[in-house]
Amino acid sequence: MQALRLYAGPAALRHIRANGLKPSDIGAIPAAAGGPKGLILLGLDRFLFGQWLAPTTHRIELIGASIGAWRMATACLADPVPAFRRLEHDYIHQHYEVPPGRSRPPARQVSESFRASLDLLYGGRIDQVLTHPRWRLHIVTSRGKGLLSRDGAVRTPVGYAAAYMANLAGRRNLGRWLDRVVFSSGTPELPFATHDLPTASVGLNGDNFMQALQASCSIPFVLEPVAGIPGAPSGAYWDGGITDYHLHLHYQLPPTSPIVLYPHFQQSVIPGWLDKALKRRHGSTAALDSMLVLAPAPEWVQRLPGGKLPDRTDFTRYGPDLAGRVAAWTAATAASEQLVDEWQAWLARPDLSVVRPL
């Protein structure tokens, strides 16, 4: 395996060693925040939801934050393969004119453009997402408290600085500034424990779907927060990755489908956005014992354009050179088909010797 790496928690490894890996074993699929990095996973999404998992009859919990929520909502459409291709094309070709005298487009401009993209992909099809017979969608958002309860030129940066310092002292302290609010289709129970942060569960419906999904993708200082979401507690709703960057959650799944299958863009499953610089929080914990991570090999990533995955710095790196960024991101997504080929080959002939500890 030259492109793909497999990392398993101890319980997942025991299960695979004793039973192999079948579609019916999969109980949950998380999808991380991470902006353009998520592009590298869309080929795996097309294979998983369009082929491997398509014949299943059991329920699978799809949990997403930010671009991960966008991907998992797309998986719930009746025709996920072309929908994933549409998402890939639209994300790669997004472009924002920067007004004279500014270094980046205003947050309102980006928010309005993003809402238009959601309308193009889900308009008239929200019911398909909400009533999928097997997939149950959970959109993770972060609700601001105190200074972060509404947006402001001063209060927002000061509030996030305070949240960073509180989180530095302990992740539980992040709850003083932000709640985790999860919008779920179907029944209200969540497929993970919520003792780590204050958490609210809200029913996902046709009235709040677009706002919840936009909120989950509303990166602070890049997009505006979303307020007034029907059925949800009042406040400003921000990117779900702030509280749950890589969905490092205490998953609770039935014994009949015990595996958390995680297509990810790296091995580390970082708890929150504010933990990115805190290397001590990047390791695995008992919460991930039942997880199988599919991630690109670092050596393979180095062969991509720029020697890295697509990321948000590319908007600055390429600036007005839209064609250059589109070419780089298109080349990276084309190369990611090797991840799919190697995953299919492993499923056909599972080799436990290549499965590494998470």
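Bear in mind these aren't lab numbers, they're just calculated from the coordinates by the rules spelled out. Quantities reported herein were computed from a predicted structural model and do not represent experimental measurements. Cβ: placed from backbone, ideal geometry, glycine included. Neighbour counts: every protein chain shown.
Between Asp311 and Glu299, full extension at 0.36 nm per residue minus the direct alpha carbon distance yields a gain of 2.6 nm. What the Cα atoms of the range 51-152 give is an Rg and a Dmax of 16.6, 55 Å.
Shape descriptor for the range 1-63: Rg over Rh equals 0.97 (Cα atoms; Rh from the Kirkwood inverse mean 1/r). For the peptides 205-212, 300-307, the ranking by mean Cβ contacts within 10 Å, running from highest to lowest, is 205-212, 300-307. Cross-link reach is defined here as a Cα-Cα straight distance under 15 Å, omitting same-chain residues fewer than 8 places apart; for Lys145 the aspartates and glutamates meeting it are Asp179, Asp239. Structure remark: mean-square fluctuation, Gaussian network model of the chain, C-alpha springs under 10 Å; the largest value among Val293, Val81, Val154 belongs to Val154. The Cα-based radius of gyration and maximum Cα-Cα distance (Dmax) for the range 212-337 are 17.5, 52 Å.
Estimated at 0.36 nm per residue, the fully extended path between His93 and Glu337 surpasses their Cα-Cα distance by 85.9 nm.
With both labels modelled 7 Å from their Cα along Cα-to-Cβ, the Ser201 to Ala78 distance reads 2.9 nm.
Note on Phe221/His58: beta-carbon distance plugged into 1/(1 + (r/R0)^6) with R0 of 41 Å gives a FRET efficiency of 0.50.
Between Ala116 and Ser24, the FRET efficiency estimated from the beta carbon spacing at R0 = 35 angstrom works out to 0.35. Placing a label point 7 Å from the Cα of Thr256 along the Cα-to-Cβ direction, the residues of the range 168-212 with a backbone N closer than 19 Å are 186-192. The Cα atoms of the range 236-280 define a convex hull whose projected area, averaged across directions, is 4.5 nm².
In the chain, helices alone account for a calculated mean residue ellipticity at 222 nm of -9500 deg cm²/dmol, with every DSSP H run of four or more residues adding -39,500 (n - 2.57). Dipole of the chain computed with +1 at Lys/Arg Cβ and -1 at Asp/Glu Cβ about the Cα centre; of Gly101, Gly43, His58, farthest Cα towards the positive end is Gly101. Ordering Met291, Met165 by the number of other Cβ atoms within 10 Å of each residue's own Cβ, fewest first, gives Met165, Met291.
Every Cα-Cα pair of the range 4-357 was included, and the share exceeding 36 Å stands at 15 percent. Ranked by the mean number of other Cβ atoms within 10 Å of their residues, highest first, the peptides 308-318, 343-353 come out as 308-318, 343-353. Each residue of the range 268-281 is assigned a 3J(HN,Hα), and the resulting list reads 5, 10, 7, x, x, 4, 7, 9, 4, 8, 9, 4, 5, 9 Hz, derived from the Karplus form 6.51 cos²θ - 1.76 cosθ + 1.60 (θ = phi - 60°), x at Gly and Pro. Between Ala286 and Val354, what's the calculated FRET efficiency when r is the beta-carbon distance and R0 is 25 Å? Round to 0.05. For Ala286 and Val354, the calculated efficiency is 0.60. The length gained on full extension between Ser103 and Leu322, counted as 0.36 nm times the residue separation minus their Cα-Cα distance, comes to 77.3 nm. For the peptides 326-337, 98-109, residues were scored by their other Cβ atoms within 10 Å and the scores averaged per peptide; the highest-first order is 326-337, 98-109. Check the straight Cα-Cα distances from Lys308 and name the lysines below 19 Å, setting aside those fewer than 8 residues away within the same chain. Excluding near neighbours in sequence, the set is Lys37, Lys276.
Neighbours of Ala75, meaning other residues whose beta-carbon lies under 15 angstrom from its beta-carbon, give a summed charge of +4 when Lys and Arg score +1 and Asp and Glu score -1. Place a label point 7 angstrom from the Cα of Arg172 along the Cα-to-Cβ direction, then list the residues of the range 183-227 whose backbone nitrogen is under 18 Å away. From the range 183-227, the list is 193-200.
So in the chain, what percent of DSSP beta bridges are antiparallel if you round to the nearest 5? So the antiparallel bridges in the chain amount to around 40 percent.
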